[in-house]
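What follows is calculated from the coordinates using simple rules that are stated; it is not laboratory data. Keep in mind that what you see is a predicted model, and the values were worked out from it rather than measured. Methodologically, a virtual Cβ is constructed for each residue, glycine included, from the backbone with ideal geometry; neighbour enumeration extends over all protein chains shown.
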Amino acid sequence: MRSQGVNALAERKTRGPELPLVPVPKSKVRPDDNLSRGAEFAGVITVFFLIGLALDLWLETTPWFMIGMFTFSVVGQFVKLWYTYDANMKVLEAERNAMSASSHKAKDS
């Protein structure tokens, strides 16, 4: 009797906890990922704008460094977003192709 309980416990540890009410996430992207991305976008632009403002006040060239640093940060953030998006799409396409290939193999069998 005791050995059955030990075996069941060992089997549960290898399978992991059973949580039938917890939904399985459909995507690897966390929901808070977009919020942090937006905060980073705004923060980086603000920091570069303030650096441009400081340079303009120090060199008395207002508004050229503010405009330049702002433009540089916006372009940089969009380039970063594009590369991040592209990398995520490549991963998702690879997963979809792998699932498609495995379903075709299952149909052929």
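Below is a table of values for the structure above.
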read-out	value
Contour minus Cα-Cα distance for Asp33 and Trp64 (0.36 nm per residue)	7.8 nm
Label-point separation, Asp86 to Glu40 (7 Å along Cα→Cβ), nm	1.7 nm
